[in-house]
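In what follows, a single structure is set out as C-alpha cells and then discussed.
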Amino acid sequence: TAAWLESVSQCMWSVMTACVVNTAMERLPQPPTITHQSPKDYIIDPRENIIIHCEAKGKPHPSFSWTRNGTHFDIDQDANVIMRPHSGTLVVDISREKADNYEAVYQCTARNKHGTAVSHNIVVRQSRSPLWSKEKVKPIVVQEGVSLVLPCRPPAGLPPPIIFWMDNNFQRLPQSSRVSQSLNGDLYFSNVLREDSRNDYICYARFPHTQTIQQKQPITVKVLNHPVDERRPTFLIPSGSSSSKVVLRGQVLEMECIAEGLPTPEISWTKMSGDLPAQRTSFLLYQKMLRIEKVSESDAGDYRCTARNRIGSVHHTIRVTVKAAPYWISGAPRNLVLAPGENGVLTCRASGTPKPSITWAMNGIPIENSPKDLSRKVEDDTIIFTDIQTGSSAVYQCNVSNDYGYLLSNAFVNVLSEPPRVLTPANKVYQVIKNHRALIDCTFFGSPIPKITWFKDASALDGDPYILHDNGTLEFHTAQTPNGGKYTCVARNFLSIYENHPTRIVKQPEYEVVQRGRSVVFECKVKHDPSLTLTATWLKDDGELPDDERLVVDSDSLTITDVTENDAGMYTCIMNTSLDQDSASAELTVVEATPTPAVVYDKPSGPSFQVCECAVRSCLYWFNYARYFLFSTEFLIQYEDALHHRGHWHNLTEVPGTRTTAHLKLSPYVHYTFRVLALNTVGFSRPSFPSRMYKTEAAAPDENPTDVHGFGTEHDNLVISWKSNGPGLCYRVMWRQKSVESDWTTVTVANNSRFVVSGTPTFAPYELKVQAVNDHGVGPKPAVAHGYSGEDLPVAAPENVQAVVLNSTLAEVHWDPVAHKLIRGYLKGYKVYYWKERSLHKHNPHHMEKLILTFSGNHSHGRLPGLHPFSLYSFNVRVYNGKGEGPVSRTQQFETPEGVPGAPPSLIVTNSNLDTLTLKWSPPHDRNGHITGYTLKYQPVNNSNELGPVEELALLANETSVTLPNLKYSTRYKFYLNAKTVRGAGPAISQEAVTIVDEVAFAPSNVPLFMNVPPPPAGEGEEEWQKELVNGSQKVVLKGLKGGLSYRVRLVARGHHDQPLHHSEDVPLLLWPAVASRQVDIATQGWFIGLMCAIALLILILLIICFIQRNKGGKYPVKEKEDAHTDPEFQPMKEEDCTFGEYSDNEDHKPLKGSRTPSNGTVKRDDSDDSLVDYGEGGDGQFNEDGSFIGQYSGKSGSRDTAEGHESSGAPSPINAMNSLNSFV
C-alpha cells in the first residue's frame, strides 16, 4: 500500500511538474512552429465550405499569411474568404462562388519576430463524380466454354471510384475462380457457362468523397449451347510473357494474373529471386491477386504467376521495381535551443530512390539569398552553428525532393540568453518510507543549460549515498532517518545563479560623491521568499555603523544627513533570511564645498584632477592650484577613445568655473582617457595631464540605426535596409502593412544591414522600424519609417483614349489616368506609341516606323509634334512604372489635314536658245495634300548681282515643264518654282540659266590676235592659228565659233623687224552651249558703246599723228618713243617689216593696258570635264564685263606640257614669242 501511494504521489508530482515546465516554457521567446496543417493533396467536397487548416504556436503568437499559386493571397480582397481569429485557418464560403474557382496550390506562412515557418504546399482540388457517358450496349452472344470480358470503363473521378458489379436487385454478382473482377473494374470469365446468360450485368462506381454511386447501362449476355473443346490456359491479363511494375516504398503492391482456359485454370505465385515475405503477403480473388503490404527495397525482383489445368500450363513474369519518395532516416530535423557562444548542429538526413536533393531555407527564403551569418555553415544535409550569437534565432526549412515526392520540415534555432530558473515549487515537504528509494525533484530551465548542485543545510551533496540525475532529480537509493532535513537545489550558468529559495538584491546602492554638509541616500532593495523573515544589516568599512542620529536605517535604504569628512568610506547592506543572504556595497566620497572665486589677472593654469569609478558613470573632480592666476570661468572636459579613435581628443562637456566636480554621461564599451582645460576671459589653459584609462562595460545600445528604407526587388518581397551604427550589434527589424490592421512582425538580424520579407502583396505601403540590440538589451524606441514592397507591371491600360488634331503637324492625345492600385508601382508616366499608317495621297508610300513620346508624371494628355500633313496616324497609350510598361490601350486613329507642300525636288533648264528657255521639274515628294498648281517666278540678274523685275507665271497642277519665250539673249535669269495646295504655297526651288550667246567679245591691246583650236583626242593634230589684226583696237569680236569646242587665244605685240615677238600667255576659251558665263555682257549696253566709240576715235587720232611723225622723221629708237608718250605700254607697229619696236624686259609681266578683273569671272563647269581652268596654271580663266579676256595670262597647264613639251611651263619669254611668230609665219 505504501509503495502504491508512493507511485501515485510520484505520478501526480510528475504531471504537476510537466505542467509547470510547459507554463514556464510558454513564457520564453520562441520562433513559430506549425502544429496542424491540411494534407498535401487536399480533396474537398464541392457542396461544403472549404476549410484549409494552418495552426502554429510561438512566443509571441505568430501572425499568418498565405500564398496562392506562388503569389501573395490577399484575403482581405476576397469577400468569400475569412481567416479564423488567432489562427491561420482559412474558411471559404462557396455559397456565392463555385468551388473550382478556389482550386489552387496554397501555402501558409506563420511568423513572429523570432522567425518564419511555412507549411507544405496544399493542393486543393474538389471531388468529382461525373456521370457515365450515354452509350447503347449491344447484347453479347458467345458460345459456351469460350472466355469473355465485360468492360466497365468508369468515368474518371477524383478520387478514383470503387468498382463493383451487381444485378437489377442490387445484389453482388457471385465471383469465383472462373469469374472475377480485375483491378481496373472489368469482369473476366475464364470460360462461360449457360447459366451465365442474363440481361443485368451492371457495373457500379461509388465515389467515396461525395458518397454518390453511378451505374453503367446493363449488359446482356447470351450463351449458346454449342460447347467448345478443352484448351490449355492463356493469360487474359497481363498480356505477353512478361511485364513490369513500379511501386513506391511503404505502399501496397498488388499484382494480378487472370487466365482463360477449359477447364478453369488455377493460379499460383512464386518469387524467382527469393521467398515471399510471409508476414506481409496475402492472396486474393482465388489466388489471382498477390498483395504485399509496406513494400520495402527487398521486395524488388521477378515474380512469376502460373496458370495450370489438366491440358497444360502457362507462365508470366512480372519484374517489380521499388522506388522511394524521400523519407527520414533518423527523423525530421529537431528544434535547437542554444545560448550565445554555444555550438549546435541541424541535421536533415533523408533517403529515397532516386537519391533526393536537399535544399535549405531560412525563414522561408532560400538560404543562399538569406542574410549572411558568420556563425552558420551549410554542408549538404547539415547546418553547423559555431559561436552563435544573439539575433541568430530563425526557423530553418529543409526540403528533400525527388521525382516521387518531397518532404518539408521546419526546425527553429532559438538563441536564448536566459538565466537559470528552478521551476519546482519551493518549501515542498517530501514524506518517504525508510529503507525505500526516494526522489527529490528539481525541475529547471536556462540557456545555456544550467548546472545543478544540491545542498543539505550548507553542505554540497556529492556521491554516495546520493545519486544526481541529469534532469536535476536527487535520488536516495535507500532512505534513512539521517537523510531528513532541508535540501536546496541551486541552478547555475554563466549568466546567474538561481536557487529554489533565493534572496536577491534587485537595486544595489550606488557610488556617491557629496559635498560636506549635504545629505546622501543609499538604496538596497531586495526580492526574497515571502515565507521567510528578512533582516537588513548595514556596515561601514566592514564594521558596524557609528552610533549617530544622522545615520537613519530603513527597510531598504540608509540615509546620512549633514555629511562630514568622517562619513567617507565603504557602506555595505546585507539582506538575510533563515536560508540565505545577499549583499552589496557602495563607496561614499566627501568633497569640500565650492570656494569663493579669486581675482582674475591671467590665463588659468592647467588644473589637476582625479577620476573616481562608478558603475555606469565617472565622477570627475579636480583642484585648481593657480592661486596667483586668473579665476577660471569655465572648465572643458575632453576625452580620448583609445579603443576606437586613439590620438583624437573630443569635447565631452563644459562645467561652470564655480564647480570642481562633474558627473559625466559615458557611452558603453569605450576606453576613456580624460583631461581638463580651464577657461577665463583671456583664453584656455594648457591641458591637464591625462587621467588613467577608464573602460566602460558593454551596455544596451543608446541609438538606433539610421537611413531605414523599404523597397522591393521582386513583385512579392520587401527589402528593409538600414545604416549600421556600430560593430557587433544585432538589429530587431519590425514591419507591418500600413493600410491593413495588423500587428508588427519582428525578426532579429545579425551581421547584416538588410532583411528581405517574402510573400508580400505587390506594391503595398509598409511601416518599418529597426532597433539596435545587443546582449545587454535593446536600443531606444525606434522611429517609424515608410516604404513599399516590390513593384510589378501595371495591369490596366488607360481608358477613353482619343486624339484632337490641332493643325496639320500637331495633335493632342487625351486619356483617362489609370487607377493607382492598378499601376502596382511608382507611377513614372505614360508613353504614347504612334506611327504613320499611310499618306492620304495615293502617290505617297506607306510608313510603319513607330515613334514614342514619354510624358513623365501623372498626365492625362500630351501633344504629338512633327506630324506629316495629310496622313493617317495610329496610336495607343501605355502607363509605366519602375518595373516596366503596362498593357496597351485600344489603338485609335486620326487624320492630319492638308498642309503646304514641299519644294519640287528638281528644276532643270533645257533647250536654251537665244531668247527661249525650257524648264522641267518633278512634283514634290512631300505633297502634304492635293497639288492645285505651281507658281513660276523669274527675273534677270545683272553683273553686280542686282535683280531685275519679277515675272510670275501660274501653272496647272499636271504640268511638269514650261517654255519661256521672248527672253533677252545672252542674259542670266533666276527662276523660282513652288507648288501649291489648298493650304497655300510651299517652299520654292531656285535655278539660274543664261540664254545662248552666238559670238565672243574680246578686249585686247593694239596687237594682233591669234586663235587656234586645240588638238582632238589621241593626238590627231590641231588646226592652224588664225590671225585677226586688231590695229590697236582694244576690243575685237570673234565670229563663227562653234559651240562645244575649246579655243586658245593669244595676243602678239609686234615691233621692228629686228626685235623679237612678244605674246601673252595662251588663254583657253570654252564655248558650252548649255552653260554661259554668270556675267552680263555690258558691250550691249548703250552707254558702254558710246564710251568705246569715243576711245576708238581718240586712238585713231593718235595713230594718225604718230604715222605722220614717223614719215617725217624716219626711224627712231623705241625708247625715245616710249618717253614721248604717257602710256608706256602703247607700242606702234612697223608695217614694212612686220616687226616690233624695242621692248623692255621689266614690263614683260605687266598687265595689258585697259584690262580689268571682274568681280566674279569663274566659268561654271557643270558636268563636263573640259574647263578653261584645265588650260592654265594661273587659276580660273577670267572675263571682263564685256566678255573679253583680262590682260595677264598664265602659262600652259601640266597636261598641255605633256602634249607640247617644246613649250615652257613658265611665263612666256621674248624668245618663245618669236618662235611662236616664226611658226605662225
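The values are calculated or read from the model by the stated rules, or taken from the named source; none is laboratory data. Computed from a predicted structure; not experimentally measured. Note that we place each Cβ from the backbone using ideal geometry, even for glycine, and neighbour counts take in every protein chain shown. Please note that ligands, DNA and RNA were not included when accessible areas were found on the heavy atoms of the full protein model with its side chains. Shrake-Rupley method; radii C 1.70, N 1.55, O 1.52, S 1.80 Å.
Under 9 Å between Cβ atoms, which residue pairs at least 6 apart in sequence (or on different chains) link something in the stretch 820-832 that is free of Cβ contacts under 8 Å to residues at least 24 places away in the same chain with a partner that is surrounded by 15 or more Cβ atoms within 10 Å (Cβ to Cβ) and in a strand (DSSP E or B)? Cβ pairs passing all conditions: 820/827. Within the stretch 578-592, the set of residues being closer than 27 Å to residue 563 by Cα and modelled with pLDDT of 80 or more comprises 583, 584, 585, 586, 587, 588, 589, 590, 591. Against the numbered list (1) surrounded by fewer than 16 Cβ atoms within 10 Å (Cβ to Cβ); (2) at pLDDT 85 or above, residue 743 comes up short only at (2).
In this structure, residue 317 does satisfy being touching a Cys at 6+ places or on another chain (Cβ under 9 Å) and open to solvent by less than 40 Å² (accessible area, probe 1.4 Å). The strands (runs of 3 or more DSSP E) found entirely in the stretch 418-497 that carry 1 or more residues being open to solvent by less than 70 Å² (accessible area, probe 1.4 Å), touching a residue at least 60 places away in the same chain (Cβ under 8 Å) and in contact with a helix residue (DSSP H, G or I) (Cβ under 9 Å, 6 or more places away or on another chain) are 438-440, 444-447. Would you call residue 562 loosely packed, with under 12 Cβ neighbours inside 10 Å, in contact with a Lys or Arg (Cβ under 9 Å, 6 or more places away or on another chain) and modelled with pLDDT of 85 or more? Answer is yes for this residue. Residues in the stretch 695-707 include at least one that is more than 16 Å from residue 784 (Cα to Cα), open to solvent by 30 Å² or more (accessible area, probe 1.4 Å) and assigned to a strand (DSSP E or B). Which one is surrounded by the fewest Cβ atoms within 10 Å (Cβ to Cβ), of the residues in the stretch 756-799 that are among the acidic types (Asp, Glu) and at pLDDT 90 or above? By that ranking, first place goes to 799.
If you go through the stretch 11-25 one residue at a time, do you hit one that is at pLDDT 90 or above and not small (Gly, Ala, Ser)? No - not one qualifying residue is present in the stretch 11-25. A Cβ distance below 6 Å, combined with a sequence gap of six or more or placement on separate chains, defines the contacts here; from the stretch 58-70, residues that are assigned to a strand (DSSP E or B) reach no residue that is exposed (fewer than 15 other Cβ atoms within 10 Å of the Cβ) and of a type in the set (S, T, N, Q).
Among the residues of the stretch 544-559, those that are open to solvent by 60 Å² or more (accessible area, probe 1.4 Å) and either of a type outside the set (A, V, I, L, M) or touching a Pro at 6+ places or on another chain (Cβ under 9 Å) (or both) comprise 544, 546, 547, 549, 554, 555. In the stretch 95-148, counting only strands (runs of 3 or more DSSP E) that sit wholly within it, the ones holding 2 or more residues that are without any contact (Cβ under 8 Å) to a residue 40 or more places away in the chain and not basic (Lys, Arg) span 104-112.
Taking the condition part of a loop (DSSP other than H, G, I, E, B), under 17 Å from residue 115 (Cα atoms), at pLDDT below 90 and not charged (D, E, K, R), does residue 333 pass? Considered against the rule, which asks whether it is part of a loop (DSSP other than H, G, I, E, B), under 17 Å from residue 115 (Cα atoms), at pLDDT below 90 and not charged (D, E, K, R), residue 333 comes out as no. From 630, 666, 620, which residue is surrounded by 15 or more Cβ atoms within 10 Å (Cβ to Cβ), farther than 30 Å from residue 721 by Cβ and at pLDDT 80 or above? Answer to the selection: 666. Of all residues in the stretch 219-258, those that are part of a loop (DSSP other than H, G, I, E, B) and crowded, with 16+ Cβ neighbours inside 10 Å total 3.
Selection of the stretch 149-171 for residues being farther than 25 Å from residue 194 by Cβ and touching a residue at least 12 places away in the same chain (Cβ under 8 Å) yields 153, 154, 155, 156, 157, 158, 159, 161, 162, 163. Within the bounds of the stretch 891-902, is there any residue that is touching a Phe, Trp or Tyr at 6+ places or on another chain (Cβ under 6 Å), assigned to a loop (DSSP other than H, G, I, E, B), open to solvent by 10 Å² or more (accessible area, probe 1.4 Å) and of a type in the set (A, V, I, L, M)? No - not one qualifying residue is present in the stretch 891-902.
For the criterion of being hydroxyl-bearing (Ser, Thr, Tyr) and more than 28 Å from residue 158 (Cβ to Cβ), residue 95 fails. Checked against the criteria, residue 215 counts as in contact with a Phe, Trp or Tyr (Cβ under 7 Å, 6 or more places away or on another chain) and open to solvent by 70 Å² or more (accessible area, probe 1.4 Å). Could you list all residues from the stretch 172-203 that are aliphatic (A, V, I, L, M), surrounded by 18 or more Cβ atoms within 10 Å (Cβ to Cβ) and closer than 13 Å to residue 146 by Cα? Passing the criteria: 179, 192.
Go through the stretch 387-401 residue by residue and tally those that are open to solvent by 30 Å² or more (accessible area, probe 1.4 Å), touching a residue at least 60 places away in the same chain (Cβ under 8 Å) and assigned to a strand (DSSP E or B). Within the stretch 387-401, residues that are open to solvent by 30 Å² or more (accessible area, probe 1.4 Å), touching a residue at least 60 places away in the same chain (Cβ under 8 Å) and assigned to a strand (DSSP E or B) number 1.
Reported count of residues in the stretch 931-956, each being in a loop (DSSP other than H, G, I, E, B) and surrounded by 14 or more Cβ atoms within 10 Å (Cβ to Cβ), is 5.
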